[in-house]
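The values are calculated or read from the model by the stated rules, or taken from the named source; none is laboratory data. Keep in mind the model is a prediction, meaning the values are calculated, not measured. Using ideal geometry, Cβ is built from the backbone for each residue, glycine included, and neighbour counts are taken over all protein chains shown.
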Ligand code: BGC
């Protein structure tokens, strides 16, 4: 079998995926919230970037307490986002454009409005219905069953009905009280989710991103956590809800389900663990990929030092991402202003050249900064429960320079957008980038075209290993193979690049051919 044929089967290993947060991408029906109709209309834009596919965050029916991550029907479409017919049309249109579609599956918890949770509440203590979730008795009705903290702040337990004399049970929710956790030690939960996977795979969906993939199974007996201090990173500070050995059985089963389809469907985990532990989720019979998660939180200075460790420890197929809908935009995280924007461009060009797959979060191709959303407009439950706000990375995308219709996000006559955009949004819009030959949008398009050509010429291969070094002057070099390297200038002065042809750089080289600080370059070696 030629290298090409084997790469075809494993497209996901090098895939560049564009993350769509649908409520902020494009509003088709004018209610101020993005939807499937808006996404369908803008699909050609995504295809024009040259990405291989799209990951769409949840659009299933949901009370929207956590902006869709509180799912009340895993196999439907929330009317806020459209209809199942529109989803089917979107899937067909994406496939016709050569774009794969990955959806989000949220298996750790559902919405408290999910029929199975409602049935559990109604059925009462001791019922099989309650065993689908973590309902616990506790003799002291004012004290929760253990000391676990919610990621969104406060305790991870709520009383079913604080006023009831007969039903004194508590239920577990690692996130908000409206997001009860499934009990994955009950086999019926596994059976239920196999049905969910098959529903979307039967439709032709190409893969799933698995939300909070490391936390499904809780420690037997639900013992106290060693520490209750961290709120915003609650899962990692509580070993009892994270990385339990039995969770791997879930993914072995899911892999068998994915592999029973042709072409095989793909599973990408949000595994928020140290790289060495996350790598265990991508063993040959488990998930296909896991995000190199640390990077979405790192500042610029740490990126260089961590890249190598990430590559080494993430194993087979790292999945690079510098941004998503949960973290501060990289242009702001990397220092803000002009310098932060340069670094964000450099970081993006670097991950598009590294061995493995990469994710681009919508707006990253526009180098959008984090928005300081006015306090009264913030809606993120993490914020309303006392943590940080993630709203600033979720402001609707600016499409036009003119401010009309929320910078082209909505059709004319639409309601105000669900999060307000800052006044300067137009200068950062898709339209502004399209008219500026030196914009990040053009850089991304050029990088993805070149990436494809280099794969076609077999200069880049799926199984490139990559060796890493830091040269004098803080030049981080990933030598992907003997023909191609990625270099990032992490120091404060311009640096000389290793010999070869610079085929792309995130900032122009100096007259002497040096790479300026906060820039990245792709170099072809003779
Ligand atoms: C999602 C968040 C969500 C949380 C709970 C995360 O990993 O990306 O947006 O709030 O899971 O579902």
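Conditions (1) buried (at least 19 other Cβ atoms within 10 Å of the Cβ); (2) in the same structural domain as residue 365 (by TED's automatic domain parsing); (3) closer than 20 Å to residue 331 by Cα, marked per residue:
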{"position": "465", "(1), (2), (3)": "no, no, no"}
{"position": "472", "(1), (2), (3)": "no, no, no"}
{"position": "497", "(1), (2), (3)": "yes, no, no"}
{"position": "507", "(1), (2), (3)": "yes, no, yes"}
{"position": "512", "(1), (2), (3)": "no, no, no"}
Response to the item:
For segment 34-72, the count of residues that are more than 16 Å from the ligand (Cβ to nearest atom) and either not assigned by TED's automatic domain parsing to the domain that holds residue 378 or not in a strand (DSSP E or B) (or both) equals 18
Item to complete: For residues that are over 30 Å from the mean Cα position of the chain (by Cα) and without any contact (Cβ under 8 Å) to a residue 24 or more places away in the chain, scanning just segment 129-160, find the one that is nearest to residue 174 (Cα to Cα).
Response: 159
Worksheet entry | Among the residues listed as 95, 114, the single one being crowded, with 20+ Cβ neighbours inside 10 Å and out of contact with any helix residue (DSSP H, G or I) (no Cβ under 8 Å at 6 or more places or on another chain) | 114
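Which fully enclosed strands (runs of 3 or more DSSP E) of segment 118-218 have 1 or more residues being under 24 Å from residue 289 (Cβ atoms)?
Details: elements: 157-159, 170-172, 207-210.
In segment 118-218, the matching strands (runs of 3 or more DSSP E) lie at 207-210.
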Worksheet item: From the set of residues in segment 198-219 that are within 15 Å of the ligand (Cβ to nearest atom) and surrounded by 24 or more Cβ atoms within 10 Å (Cβ to Cβ), which is nearest to the chain's Cα centre (by Cα)?
Response: 209
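Test of understanding: among 419, 450, which residue is more than 30 Å from residue 176 (Cβ to Cβ) and surrounded by 19 or more Cβ atoms within 10 Å (Cβ to Cβ)?
On the way: 419 fails: more than 30 Å from residue 176 (Cβ to Cβ).
Going through 419, 450 in turn, just one is more than 30 Å from residue 176 (Cβ to Cβ) and surrounded by 19 or more Cβ atoms within 10 Å (Cβ to Cβ): 450.
Inspect all residues belonging to segment 139-155 and state whether any of them is at pLDDT 95 or above, more than 30 Å from residue 96 (Cα to Cα) and more than 16 Å from the ligand (Cβ to nearest atom). Quick ask: steps written out before the conclusion?
Narrowing segment 139-155 to residues at pLDDT 95 or above: none.
Checked against the condition, which is being at pLDDT 95 or above, more than 30 Å from residue 96 (Cα to Cα) and more than 16 Å from the ligand (Cβ to nearest atom), segment 139-155 yields no hits at all.
Mind checking which residues of segment 71-124 are within 23 Å of residue 218 (Cα to Cα) and either within 19 Å of the chain's Cα centre (by Cα) or at pLDDT below 95 (or both)? Don't jump to the end; show me each part of the working.
Here is the first cut: in segment 71-124, the residues within 23 Å of residue 218 (Cα to Cα) are 71-72, 74, 104-121, 124.
Matches in segment 71-124: 71, 74, 104, 105, 106, 107, 108, 109, 110.
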Worksheet entry | residue 195 vs. criteria more than 15 Å from the ligand (Cβ to nearest atom), within 19 Å of the chain's Cα centre (by Cα) and outside the structural domain of residue 142 (by TED's automatic domain parsing) | no
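Of these, 331, 358, 341, which one is over 26 Å from residue 212 (Cα atoms) and either assigned by TED's automatic domain parsing to the domain that holds residue 383 or under 18 Å from the mean Cα position of the chain (by Cα) (or both)?
On the way: 331 fails: over 26 Å from residue 212 (Cα atoms); 358 fails: over 26 Å from residue 212 (Cα atoms).
So the residue among 331, 358, 341 that is over 26 Å from residue 212 (Cα atoms) and either assigned by TED's automatic domain parsing to the domain that holds residue 383 or under 18 Å from the mean Cα position of the chain (by Cα) (or both) is 341.
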Worksheet item: Across segment 67-76, what is the total count of residues that are closer than 30 Å to residue 440 by Cβ and surrounded by 23 or more Cβ atoms within 10 Å (Cβ to Cβ)?
Response: 2
Worksheet item: So which helices (runs of 4 or more DSSP H) are wholly in segment 361-457 and hold at least 3 residues that are at pLDDT 95 or above?
Response: 404-408, 430-434, 440-456
